[in-house]
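The values are calculated or read from the model by the stated rules, or taken from the named source; none is laboratory data. Predicted model, so just to flag it, every value in this text is computed and none were measured. Don't worry about glycine lacking a Cβ; one is built from the backbone with ideal geometry, like all the others, and counts go over all protein chains shown.
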Amino acid sequence: MFDIGWSELLVIGIVALVVIGPKELPGVVRAVAQNLGKLRRLASDFQNQFSNAMREMELAEMKKDAEKLLNDATAGTALDEVKKTGDEIRKAVEEPLSIAEPGKPDSAAGAGKPKSEPDRGA
């Protein structure tokens, strides 16, 4: 948190000893330590509450997604879309095949030709 080395702590201790005095120093150090402990507990509680709130939000979002998937599965809308796409693909593949099938007379290709030419007599 704070980047305080041993030399800085020594300077702070000497200044505190001179300013506060040797008689009152243990009580002041104890009070400061208790207040720091309370501050750490408050920070830990806040962090835990924040984590719990985030976890609850994630769970609510996952529940909403699961309910949507369940509704889609029971209503069959997802399967309907797949079937619809499959039918479109099947039609797109079958149309060119039905036009180009050999053995079947093609009405568009043979419309201009007579089926058999009669003898014209020579």
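For the reader, a short list of remarks on this structure follows.
Per-residue answers, yes or no, for (1) modelled with pLDDT of 85 or more; (2) at positive phi; (3) surrounded by 10 or more Cβ atoms within 10 Å (Cβ to Cβ); (4) touching a Pro at 6+ places or on another chain (Cβ under 8 Å):
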position	(1), (2), (3), (4)
Glu58	yes, no, yes, no
Lys68	yes, no, yes, no
Asn71	no, no, yes, no
Ala111	no, no, no, no
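- Residue match in the stretch 22-35 (condition: among the basic types (Lys, Arg), surrounded by 10 or more Cβ atoms within 10 Å (Cβ to Cβ) and free of Cβ contacts under 8 Å to residues at least 24 places away in the same chain): yes
- Residues that are of a type in the set (Ser, Thr, Tyr) and at pLDDT below 70 within the stretch 78-105 comprise just one, Ser98.
- Hey, Ser7 under 44 Å from the mean Cα position of the chain (by Cα) and of a type outside the set (Lys, Arg) or not: no
- Of the residues making up the stretch 1-29, those that are within 21 Å of Arg40 (Cα to Cα) and part of a loop (DSSP other than H, G, I, E, B) are Met1, Phe2, Asp3, Ile4, Gly5.
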